[in-house]
Amino acid sequence: MAGRHFDEWQVGDRIAHELRRTVTETDNLLFTTMTHNPQPLHLDVEAAKASEFGQILVNGTFSFALMIGLSVGDTTMGTLVANLGYDKLVMPKPVFIGDTLRCETEVTELKESRSRPEAGIVTFTHRLLNQRDEIVCQCLRMALLKKRSA
């Protein structure tokens with residue numbers, strides 16, 4: 001189990017996750033069609049060329065999902081009770097096919113659970129960065145984690 005328990009985290013803990021992912025045309029196409037998103041910027045090369053981006057724009061919800069996925073192994077794998085929510089999701093820069101993305105995480109808050117003495121709430125700030133070290137996606141994630149000692 002790679003994830004940490006609630007009582008193993010401290011505010012300010014930082015992780016530069018080792019996993020990286022280069023986004024492919026297939027990733028974008030499959031995710032966009034699986035989620036029934038008909039946005040031409042994601043699917044239509046000609047429409048995307050005519051946009052301010054000049055090329056296919058990767059589906060933002062794919063970027064968000066990838067960011068969380070890249071972080072799970074080091075944060076909550078095997079210790080998660082439930083994800084309680086996501087907040088302050090922003091996508092300040094676009095993602096394009098061929099971008100290589102990586103994730104960084106910081107613990108920004110720890111809170112004891114009032115209803116579950118065997119667990120606590122960790123607030124993570126996740127950041128997804130491209131190969132130019134530009135933040136392309138960021139959010140807060142609130143996760144209810146098991147305690148090692150209850």
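Just a few scattered comments:
- Any hit, region 15-28, residues being of a type in the set (Asp, Glu), over 30 Å from residue 118 (Cα atoms) and assigned to a helix (DSSP H, G or I): yes
- Within region 30-58, residues that are among the β-branched types (Val, Ile, Thr) reach partners that are part of a loop (DSSP other than H, G, I, E, B) and open to solvent by less than 70 Å² (accessible area, probe 1.4 Å) with beta carbons closer than 6 Å, at six or more positions or on different chains, in the pairs 32/59; 56/97; 58/23; 58/95.
- So residue 83, is it touching a residue at least 40 places away in the same chain (Cβ under 8 Å) and either open to solvent by 50 Å² or more (accessible area, probe 1.4 Å) or touching a helix residue (DSSP H, G or I) at 6+ places or on another chain (Cβ under 9 Å) (or both): yes
- Checking each residue in region 27-76 for being surrounded by 17 or more Cβ atoms within 10 Å (Cβ to Cβ) and among the hydroxyl-bearing types (Ser, Thr, Tyr) picks out 32, 63, 71, 75, 76.
- Residues of region 9-26 satisfying the condition of being open to solvent by less than 70 Å² (accessible area, probe 1.4 Å) and out of contact with any strand residue (DSSP E or B) (no Cβ under 8 Å at 6 or more places or on another chain): 24
- Total residues in region 87-120, condition closer than 25 Å to residue 146 by Cβ and either of a type in the set (D, E, K, R) or more than 15 Å from the chain's Cα centre (by Cα) (or both): 16
- Pairs linking a residue in region 59-76 that is within 18 Å of residue 96 (Cα to Cα) to a residue that is aromatic (Phe, Trp, Tyr), with Cβ atoms under 6 Å and 6 or more positions apart or on different chains, are 59/31; 62/31.
- Of all residues in region 66-122, those that are farther than 17 Å from residue 138 by Cα and assigned to a loop (DSSP other than H, G, I, E, B) total 12.
- Residue within region 61-79 that is in contact with a Ser or Thr (Cβ under 8 Å, 6 or more places away or on another chain), among the acidic types (Asp, Glu) and more than 19 Å from residue 8 (Cα to Cα) present: no
- Filter result for residue 142 (part of a strand (DSSP E or B) and touching a Gly at 6+ places or on another chain (Cβ under 7 Å)): yes
- Selection count, region 92-150, where residues are open to solvent by 50 Å² or more (accessible area, probe 1.4 Å), more than 26 Å from residue 6 (Cβ to Cβ) and in contact (Cβ under 8 Å) with a residue 60 or more places away in the chain: 1
The values are calculated or read from the model by the stated rules, or taken from the named source; none is laboratory data. Nothing here was measured: the structure is a model prediction, and the numbers come from that model. All Cβ positions, glycine included, derive from the backbone under ideal geometry; neighbour counts span all protein chains shown. Side chains included, ligands, DNA and RNA excluded: accessible areas come from the protein's heavy atoms. Shrake-Rupley method; radii C 1.70, N 1.55, O 1.52, S 1.80 Å.
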